[in-house]
Amino acid sequence: MKSYIKALSVAAVLFATQSQAAVVFNCSGYVKNVFSKGNNTYEVRYSRYSDGGFELEPVIIYPEQTYLLGPVLEAVRQSQENQVKYTLVVENRDSGSRKCYDGESENALLAITKY
């Protein structure tokens, strides 16, 4: 019985190392625009500096996170009028990269809050 449990646990560990999990990380910046991509998805553009310099990789609001559209629109207004900086919680669904600018434009927005 012990050998069966050992074999089962080794198989579970091997399976877990082969599966790729999504990576969640934070990016900070000034929210600039929101664009509709169709199919109830939206692209959020933001930059590192309030003057629009160094635009970071856009993040996507997917249909399961459309409740974020209102807070993002408020963030656009606050960033433009009062130069308020925001922290965006981002999920990279494609790779393990934790960079806010990695050449991938399908990163998902999970949350947004004032910096």
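The values are calculated or read from the model by the stated rules, or taken from the named source; none is laboratory data. Values in this document were obtained by computation on a predicted structure and should not be read as measured data. Glycine also receives a Cβ, built like all others from the backbone with ideal geometry; neighbour counts cover every protein chain displayed. Quick note on the areas: whole protein, heavy atoms, side chains included, nothing else; ligands and nucleic acids left out. Shrake-Rupley method; radii C 1.70, N 1.55, O 1.52, S 1.80 Å.
Select from region 44-94 the residues that are acidic (Asp, Glu) and in contact (Cβ under 8 Å) with a residue 24 or more places away in the chain and list them in ascending order.
The answer is Glu57, Glu91.
From the set of residues in region 26-43 that are exposed (fewer than 15 other Cβ atoms within 10 Å of the Cβ) and in contact (Cβ under 8 Å) with a residue 60 or more places away in the chain, which is farthest from Glu91 (Cα to Cα)?
Result: Ser28.
Within region 87-115, can you find the residues that are over 20 Å from Ser36 (Cβ atoms) and open to solvent by less than 20 Å² (accessible area, probe 1.4 Å)?
Asn92
In region 59-80, how many are open to solvent by 20 Å² or more (accessible area, probe 1.4 Å) and small (Gly, Ala, Ser)?
1
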